Amino acid sequence: MKNVTGLWIDHRKAVIVRISAKGEEILTIKSNVEKQPSRVDGVRSNDSHEAQLVKADDSRERKFTGQLNHYYAEVIAAIRAAESILIFGPGEAKGELKNHLDQARLGENIIALETCDKMTDGQVASKVRDYFHK
């Protein structure tokens, strides 16, 4: 059997299932990314000194982007050896990971990109097994 990988991903964590001749391995990578920056959780202040109380929006956005880039680099390191990659998840993270894989010249290994809701680790493993053993 060739080395195949399926993963469920969002901005908080990635559940990676690697299947090879040696067997199956499940790996979880947490992003440790703070939630997407917003102005005091979307509440506008009437305080004229608000700008002095919060970091500049672009500074917070750069930090968020840097944390995500580190997270995607960790995920790519864990799936680099895969000959076929199935990516699924609920939001934008799967598309962002695809872009990072394209930049790393691994995009041709992606066989499918699917949208799905939150799943347990067992459900992720079952989906990956079913996909590659059909």
Would you call Lys98 under 15 Å from Ile9 (Cβ atoms) and exposed (fewer than 13 other Cβ atoms within 10 Å of the Cβ)? no
Could you please find all residues in the range 57-86 being farther than 16 Å from Trp8 by Cβ and among the aliphatic types (A, V, I, L, M)? Leu68, Ala73, Ala77, Ala81
Residues of the range 18-57 classified as charged (D, E, K, R) and either under 30 Å from Gly6 (Cβ atoms) or modelled with pLDDT of 80 or more (or both), total: 7
Across the range 111-132, the tally of residues that are surrounded by 13 or more Cβ atoms within 10 Å (Cβ to Cβ), under 14 Å from the mean Cα position of the chain (by Cα), part of a strand (DSSP E or B) and of a type outside the set (Asp, Glu) stands at 1
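The values are calculated or read from the model by the stated rules, or taken from the named source; none is laboratory data. Owing to the predicted nature of the structure, the values given are computational and were not obtained by experimental measurement. Reconstructed Cβ throughout: ideal geometry from the backbone, glycine too, with neighbour counts over all protein chains shown.
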